[in-house]
Amino acid sequence: MKAMVIHRFGEPEVMQWEDAPTPQPGPGEVVVRVHSVSVNRTLDLQVRQDGGGYGAILPLVLGNDPAGEVVELGGRVDSLQVGERVAISQGIHCGDCDPCASGTNFQCNNRRMLGIHLWGGYAEYVKVPASNCVTIPDGLSYGEATVVARHFPLAIAQTRLTNLQAGDWALVMGAAGGLGSCIVQVARNIGANIIAGAGADERVAVGRSLGAQHGVNYRRDDLETEVMRITEGRGVDAVFENIGDPVQWDGAFNSMARGGRLVTVGAHGGGMVTLDLKKLYQRRLQVMSGLGAEGRAELEESLALTASGEFQVLIDRTMPLSEAVAAHRLVDSNEPLGKVILAPTL
């Protein structure tokens with residue numbers, strides 16, 4: 001098969017369009033012909049640059065969220081058929097550790113991720129456990145399924161981690177981004193009051209078009225001041241801060257109401273921030289990681305809600321997989337509004 005392989009970390013050119021062995025399925029596994037995979041800032045650009053701190057294993061094929069067609073079944077697979085269209089739940093659990101045995105496999109001690117610890121979807125074929133595959137509903141394209149699989153399950157999981165309820169106030173940072181745009185829609189369906197935070201007026205407008213009632217351009221206006229004005233001095237119950245920008249962190253943190261919760265899984269804004277511990281404990285605030293909180297159930301729910309029209313998928317453009325180098329440079333430019341999709345079939 002053809003694949004984009006990296007043998008060392010670095011600039012986009014470290015990705016090489018190469019011949020690689022076509023994977024063979026083992027027991028409980030399937031081989032999927034990849035039709036789409038997205039370009040992600042954290043799990044593609046950062047991993048390609050320096051490993052992203054995830055323990056990435058070289059040589060590596062990136063691609064955390066492929067969707068495609070099942071072409072081969074391994075032994076003991078009876079849940080799927082050849083020709084079935086599937087999206088893939090990205091976290092692969094060991095099944096042997098104590099959390100897996102107790103049914104809380106999202107806390108798996110040996111969780112691996114496609115495109116980081118295992119070869120991912122920047123290839124014509126990918127091998128995955130059959131249990132990680134979810135059938136794509138009729139009416140959804142492969143590209144839409146890819147975007148859903150990457151972000152909506154995590155968006156649902158984050159709102160549940162923060163216990164977001166109808167009537168609560170929520171601040172969504174990066175509200176026009178891949179994850180942020182999904183969180184806005186999940187929070188809208190819950191019935192929350194949403195403030196879309198973004199770094200440009202057109203990106204704030206995207207967040208509002210998806211269901212946010214208010215917006216803040218945090219590159220132009222003071223974030224904390226604007227949030228307190230909008231909430232009449234109350235602050236927000238939940239902050240979805242998946243950026244890690246030290247310039248914006250304090251504003252987001254200080255926007256929380258007493259007892260507020262902040263959840264994060266992103267650090268592409270730098271990742272090193274200061275934390276006001278006095279405010280943390282005096283106001284009984286919480287800061288938590290959302291990594292790995294999503295699973296197959298959230299993917300099934302996300303695909304069904306998107307197919308029913310509840311969720312909207314933002315895709316900027318689709319490019320051939322062989323143009324992955326240009327796609328990485330495009331995403332790094334912050335130009336796209338919506339996901340950039342790579343298609344090995346183009």
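Give the residue that is most open to solvent (accessible area, probe 1.4 Å), with candidates limited to residues of the stretch 92-147 that are of a type in the set (Phe, Trp, Tyr) and part of a helix (DSSP H, G or I).
Restricting to residues being of a type in the set (Phe, Trp, Tyr) and part of a helix (DSSP H, G or I), the top hit is Phe106.
Is it the case that the stretch 259-275 has a residue that's touching a residue at least 12 places away in the same chain (Cβ under 8 Å), polar (S, T, N, Q) and closer than 22 Å to Leu161 by Cβ?
Looking through the stretch 259-275, at least one residue is touching a residue at least 12 places away in the same chain (Cβ under 8 Å), polar (S, T, N, Q) and closer than 22 Å to Leu161 by Cβ.
Mind listing whichever residues of the stretch 46-70 are surrounded by 20 or more Cβ atoms within 10 Å (Cβ to Cβ) and of a type in the set (A, V, I, L, M, F, W, C)?
Matches in the stretch 46-70: Val47, Ala56, Leu60, Val61, Leu62, Ala67, Val70.
The rows are residues; the columns are (1) open to solvent by less than 10 Å² (accessible area, probe 1.4 Å); (2) of a type in the set (S, T, N, Q); (3) in contact with a helix residue (DSSP H, G or I) (Cβ under 9 Å, 6 or more places away or on another chain); (4) free of Cβ contacts under 8 Å to residues at least 12 places away in the same chain.
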position	(1), (2), (3), (4)
Gln158	yes, yes, yes, no
Thr162	yes, yes, no, no
Ala166	no, no, yes, no
Leu171	yes, no, yes, no
Gly177	no, no, yes, no
Cys182	yes, no, yes, no
Arg188	no, no, no, no
Ala192	yes, no, yes, no
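In the stretch 237-250, what residues are surrounded by 23 or more Cβ atoms within 10 Å (Cβ to Cβ) and either on the phi > 0 side of the Ramachandran plot or in contact with a helix residue (DSSP H, G or I) (Cβ under 6 Å, 6 or more places away or on another chain) (or both)?
Val239, Phe240, Glu241, Asn242, listed by residue number.
So is Leu154 surrounded by 24 or more Cβ atoms within 10 Å (Cβ to Cβ), in contact with a Gly (Cβ under 9 Å, 6 or more places away or on another chain), farther than 22 Å from Gly251 by Cβ and at pLDDT below 95 or not?
So Leu154 fits the description; yes.
Does the stretch 207-217 hold any residues that are under 22 Å from the mean Cα position of the chain (by Cα) and either modelled with pLDDT under 95 or part of a loop (DSSP other than H, G, I, E, B) (or both), and which are they?
Hits for the stretch 207-217 are Leu210, Gly211, Ala212.
May I ask you to say which residue of Ser36, Ser89 is polar (S, T, N, Q), crowded, with 22+ Cβ neighbours inside 10 Å, at pLDDT 95 or above and under 23 Å from the mean Cα position of the chain (by Cα)?
Selected residue: Ser36, the only one of Ser36, Ser89 that is polar (S, T, N, Q), crowded, with 22+ Cβ neighbours inside 10 Å, at pLDDT 95 or above and under 23 Å from the mean Cα position of the chain (by Cα).
Using beta carbons and a limit of 9 Å, which pairs, at least six apart or on different chains, have the first residue in the stretch 331-346 and within 17 Å of Cys182 (Cβ to Cβ) and the second one hydroxyl-bearing (Ser, Thr, Tyr) and open to solvent by 20 Å² or more (accessible area, probe 1.4 Å)?
Val340/Thr318; Ile341/Tyr142; Ile341/Thr318
Being in a helix (DSSP H, G or I) and out of contact with any strand residue (DSSP E or B) (no Cβ under 8 Å at 6 or more places or on another chain) is the filter here; which residues of the stretch 284-337 pass it?
The answer is Ala297, Glu298, Glu301, Ser302, Ala304, Leu305, Thr306, Ala307, Arg329, Asp332.
Against the condition modelled with pLDDT under 95 and either within 19 Å of the chain's Cα centre (by Cα) or in a loop (DSSP other than H, G, I, E, B) (or both), how does Arg188 come out, does it pass?
Here the answer is no, as Arg188 does not meet what is asked.
The values are calculated or read from the model by the stated rules, or taken from the named source; none is laboratory data. Note that this is a predicted model, so its numbers are computed, not measured. Heads up, the Cβs are rebuilt from the backbone with ideal geometry, glycines too, and the neighbour counts pull from every protein chain shown. Note: accessible area is taken over every heavy atom of the protein model, side chains too, but ligands, DNA and RNA are not part of it. Shrake-Rupley method; radii C 1.70, N 1.55, O 1.52, S 1.80 Å.
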